[in-house]
Amino acid sequence: GLPLTARCSLAVNPGIPRWHVAGPFMLPAGIVTNIAFPPEQEPPDWQRLFAAPDGTQLTWRREEVPPGQPLEADHLIHFSRLFRRQANFAAAYAATTCSSAEATPAVLALGASDGVQVWINGQCVLTDLQRREWAPGNVRVPIDLVRGDNTLLIKSLHTDGLWFLSG
C-alpha cells in the first residue's frame, strides 16, 4: 500500500576511441611541473607544428581503436609506443571532441599514470601533479557538458616507467 519511487541514473563508460595526441614535451630539470606548452595555449589545430627543444617538429597525431577491434572500457593511449621511445619526465597532450544532446553535468573517468591536467571547452577543471600508477578510472573529474560539441584536452605528465592514458 506504500508508494514506490525508483530513481535511475545513467552511467556510460564506452571508452574514448579517438584522440589527437601531441608530444612528448620534455619537462625542465627532470621534475613534474605544471609548465604550459603550446597545445594548451590556443585552441587545437590538428595541422599545427610545435618546435621541440631539440629542434624537431612535433605534430598532432590521430590515435584510435583499429577497425574491427572491440572498444574496451578503457582504450589506452600507450605514449611510449606512440612516440616510439621512452620519454621520462615529459608531458603529452590528448584532445578529443564529444557531443551532448543537452547541457548536463557528467563525470570524466580517466586512467592516468602520474600527473594530469584537464580542460573542458577551454576551462581548466583539474590540475593534479601527484605520481600514480595507471589504473582504469583512477582520476575522476566532474565536468559540465554544453549542448552540442565539447572539446576535451588532457595534459598527461610522466615521470618514468610505463606511460598510459585512457578515458
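The values are calculated or read from the model by the stated rules, or taken from the named source; none is laboratory data. The model shown is predicted, which means the values in this text are computed figures rather than measured ones. Please note: Cβ atoms are built from the backbone with ideal geometry, for glycine as well, and neighbour counts cover all protein chains shown. Areas reflect the complete protein model, heavy atoms only, side chains present, ligands, DNA and RNA absent. Shrake-Rupley method; radii C 1.70, N 1.55, O 1.52, S 1.80 Å.
Distance between the 7 Å Cα→Cβ label points at LEU4 and ALA101: 2.6 nm.
Under the convention that each Lys and Arg Cβ holds +1 and each Asp and Glu Cβ holds -1, the size of the dipole of segment 39-155 around its Cα centre is about 320 debye.
Per-residue 3J(HN,Hα) values for segment 75-87, derived from phi via the Karplus relation 6.51 cos²θ - 1.76 cosθ + 1.60 with θ = phi - 60°, read 5, 8, 8, 9, 4, 4, 5, 4, 7, 6, 6, 7, 10 Hz in sequence order (x marks Gly and Pro).
Here are several values of percent of Cα pairs over 20 Å apart: (i) 56; (ii) 65; (iii) 52. Which one was derived from the coordinates shown? Checked against the structure: label (iii). Fully extending the segment from ARG85 to THR56 would add 9.0 nm, taking 0.36 nm per residue of separation and subtracting the current Cα-Cα distance. Modelled this way, with points 7 Å down the Cα-to-C-beta line, the labels at VAL146 and GLN123 are 1.0 nm from one another.
Directionally averaged projected area (segment 109-167, Cα convex hull): 3.8 nm².
The accessible area of THR151, taken with all protein chains in place and a 1.4 Å probe, comes to roughly 50 Å². Amide H contacts of HIS75: ILE16, GLY167, each under 5 Å away and 5 or more positions distant or on a separate chain (H built 1.01 Å from N in the peptide plane; Pro and chain starts excluded). Once C-alpha pairs closer than 8 Å and six or more residues apart are averaged by separation and normalised to the residue number of the chain, the relative contact order reads 28 percent. Ranking THR159, VAL116, THR33 by how far each Cα lies toward the positive end of the dipole of the chain (charges on Cβ) leaves THR159 at the top.
Taking the Cα centre of segment 123-167 as reference, the dipole from Cβ charges on Lys and Arg (+1) and Asp and Glu (-1) amounts to some 40 debye.
Under 5 Å from the amide H of LEU126 lie the amide H atoms of VAL118, each residue being 5 or more positions distant or on a separate chain, with H modelled from the backbone and absent for Pro and chain starts.
Neighbours of ASP128, meaning other residues whose beta-carbon lies under 13 angstrom from its beta-carbon, give a summed charge of +3 when Lys and Arg score +1 and Asp and Glu score -1.
For the pair VAL65 and THR33, a Förster radius of 30 Å applied to the C-beta separation gives a FRET efficiency near 0.40, rounded to the nearest 0.05. A 1.4 Å probe, protein heavy atoms only, puts the accessible area of HIS75 near 30 Å².
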